[in-house]
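A.B. asks: The structure is given below, and queries will be raised subsequently.
Bear in mind these aren't lab numbers, they're just calculated from the coordinates by the rules spelled out. Since this is a predicted model, take the numbers as computed values, not measurements. Neighbour counts are summed over all protein chains in view; Cβ atoms, including those assigned to glycine, are modelled from backbone coordinates with ideal geometry.
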Amino acid sequence: MAKRWIVLLLAVAMALAVVPLAAAGNGGGGKGRLKFNLVGTVSAVVVDAAGDVTGLTVKVKAGTKTVKKFRGQDLTLTVVPAPRVRLVTGEGCVDGTLTDLVPGMKVKVPGTIGGMPEGPVFTAKWIKAKMMPTPEP
């Protein structure tokens with residue numbers, strides 16, 4: 001008789017332990033839905049009144065599902081206060097700053113998506129940029 005009660009209590013304890021885990025979920029994120037990666041060309045560099053670069057406008061060429069609907073269009077990205085910027089040169093990659101970015105550069109940008117109730121806000125975490133060679137006449 002005592003074994004039945006122990007088994008019953010263990011079953012109830014297991015059920016109570018599983019319910020909070022199932023209710024917690026994954027915090028609304030899930031499988032990278034709040035992240036993006038894109039490849040494109042810089043159309044414009046967004047500068048605030050103080051002269052600081054606060055964003056980029058990129059013509060999207062390709063990317064993850066979250067940016068595919070912007071393919072062929074300009075997408076304005078906000079930039080974190082101190083993003084990592086890598087510039088591809090003939091000698092390899094070097095560290096750069098946001099002020100090194102100019103229209104016409106090819107960029108790869110990973111980041112996060114926020115601000116969903118008002119509309120998506122794409123925030124760049126780091127930027128890898130390469131100046132496209134100018135064709136000779």
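A.B. asks: Just the Cα atoms of segment 35-131, one point each, no solvent: what log10 I(q)/I(0) does Debye give at q = 0.14 Å⁻¹?
C.D. replies: Summing over Cα pairs of segment 35-131 leads to -0.47.
A.B. asks: Give me ILE127, ILE113, ILE6 sorted ascending by neighbouring Cβ count inside 10 Å, so fewest comes first.
C.D. replies: Lowest to highest Cβ neighbour count: ILE6, ILE113, ILE127.
A.B. asks: Can you tell me the length gained on complete extension of the stretch VAL94 to ALA44, counting 0.36 nm per residue apart and subtracting the Cα distance?
C.D. replies: 15.8 nm
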